[in-house]
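For reference, the structure discussed in these notes is given below.
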Amino acid sequence: MDKAGFALLEPDSPRAVVLAVPHAGRDYPADLLTQLRVPADKLLRLEDRYADLLVREADGFATLIAHRPRAWLDLNRGPEDLDRAMLSDTRPGSIAAALARKLSGQMVSARARG
């Protein structure tokens, strides 16, 4: 697995279909596990557990398969879906500070409010 948290497998030939499994990740980083506020088994409800194994059998199609779990990185989230309270690192140059600047003034989605 690469540092991106997902794998993009190139197709054998050009196709109009990309198979995506954005919530199949089961690689839980130690940082995430040590900072949990809920029991680790509760995170399993966020997964599409083993759905990636089904897609791996679809030879010839481009696939995007998440390796990191949705609790760490949700590949279906847009910037408007980010919980602004999670962007607490205000040090100049931090990713959180850059995101907070980019998102200031933008609408917050119902997903983020939830």
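Candidates are the residues of segment 1-44 that are touching a strand residue (DSSP E or B) at 6+ places or on another chain (Cβ under 6 Å) and open to solvent by 70 Å² or more (accessible area, probe 1.4 Å); the one that is modelled with the lowest pLDDT is LEU9. Selection of segment 45-55 for residues being assigned to a loop (DSSP other than H, G, I, E, B) and open to solvent by 90 Å² or more (accessible area, probe 1.4 Å) yields ARG49, TYR50. Within segment 84-98, being modelled with pLDDT of 70 or more and either in a loop (DSSP other than H, G, I, E, B) or farther than 23 Å from LEU43 by Cβ (or both) holds for ARG91, PRO92, GLY93, SER94, ALA97, ALA98. Residues that are assigned to a helix (DSSP H, G or I) and either among the β-branched types (Val, Ile, Thr) or touching a residue at least 40 places away in the same chain (Cβ under 8 Å) (or both) within segment 25-44 comprise LEU32, THR34, listed in sequence order.
Whether a residue is in contact with a Ser or Thr (Cβ under 8 Å, 6 or more places away or on another chain), modelled with pLDDT under 80 and either among the polar types (S, T, N, Q) or open to solvent by less than 80 Å² (accessible area, probe 1.4 Å) (or both) was assessed, and ASP81 passes this test. If the condition is being touching a residue at least 40 places away in the same chain (Cβ under 8 Å) and outside any loop (DSSP other than H, G, I, E, B), then segment 56-81 contributes ALA62, THR63, LEU64, ILE65, ALA66.
The values are calculated or read from the model by the stated rules, or taken from the named source; none is laboratory data. Since we're looking at a predicted model, the values are computed, not measured. Cβ: placed from backbone, ideal geometry, glycine included. Neighbour counts: every protein chain shown. Only protein heavy atoms, including side chains, enter the accessible area calculation; ligands, DNA and RNA are left aside. Shrake-Rupley method; radii C 1.70, N 1.55, O 1.52, S 1.80 Å.
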